[in-house]
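Read the structure below first, then the notes.
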Amino acid sequence: MGRTRALRRLLVTAVLVLSVFGFMETICFAVVSQGLHRTPPFLGVLIAVQAAGAIAGAVAAPAVMRRTSERALIAAGLLAAAAACLLLTIAVLPVVLAACVMLGLCLMWVNVGAITLIQRRTPPHLVGRVDSALTLAATVPEAISIGAGAALIAIVNYHLLLIVMAVVTTASVAYLLAEPDSAREAGSAREAGSAREAGEESPAAAPAGS
């Protein structure tokens, strides 16, 4: 993963985003109670709206990715997440619902883009290892940010936490898009994987022809 720039950018971006996005685990309760002045069960409505956004995002993701690229799809999803964080600071129900739709959409776009990028830029025999490494590297900062968010929400206004999330997420997009894609790098991983597969198949074919 470290030798492929596209995957290295993806890893750093994931670590940056998840180092703050765990705040959302506790911020959502503050949005419901302090922002909308609703009871905790109303969070179920917001989750349902977010699920609808996720379905729409999953349907639209392939078409968007075909017209752009995996990295562009991830960047668009992250920008939608940053915008959603800012919208959640506005305690107006229609605005909050729109933010929930965007959060659901961004989750699908980021996941679809990341998984596709890993598959296209990694030799087939290493896809599982790279995916596991990325998951492990992202889990640690996410867990830390969930704990930090639970502690900070008691002493910091949730609006400020949402602004921090938006700023960090936007900065991660800038890093992700800082370097252009390399056509040579995009094809090298697949060529290496095909060569390895051919090498593994040829010994088995030799006895059949002898």
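Couple of notes before you dig in:
- All of ALA82, ALA51, ALA91 fail the test of being at pLDDT 95 or above and under 22 Å from TYR158 (Cα atoms), apart from ALA82.
- Condition met for ARG38 (more than 13 Å from the chain's Cα centre (by Cα), free of Cβ contacts under 8 Å to residues at least 12 places away in the same chain and outside any helix (DSSP H, G or I)): yes
- Matching helices (runs of 4 or more DSSP H) fully within the stretch 67-164 where at least 2 residues are without any contact (Cβ under 8 Å) to a residue 24 or more places away in the chain and touching a Leu at 6+ places or on another chain (Cβ under 7 Å): 93-121
- Filter result (hydrophobic (A, V, I, L, M, F, W, C) and in contact with a helix residue (DSSP H, G or I) (Cβ under 9 Å, 6 or more places away or on another chain)) within the stretch 125-142: LEU126, VAL127, VAL130, ALA133, LEU134, ALA137, ALA138, VAL140
- Filter result for ALA14 (in contact (Cβ under 8 Å) with a residue 12 or more places away in the chain, over 13 Å from the mean Cα position of the chain (by Cα) and not in a loop (DSSP other than H, G, I, E, B)): no
The values are calculated or read from the model by the stated rules, or taken from the named source; none is laboratory data. Treat the numbers as computed from the prediction; the structure is a model and nothing was measured. For neighbour counting, all protein chains shown are included, and Cβ atoms are generated from backbone atoms with ideal geometry for every residue, glycine included.
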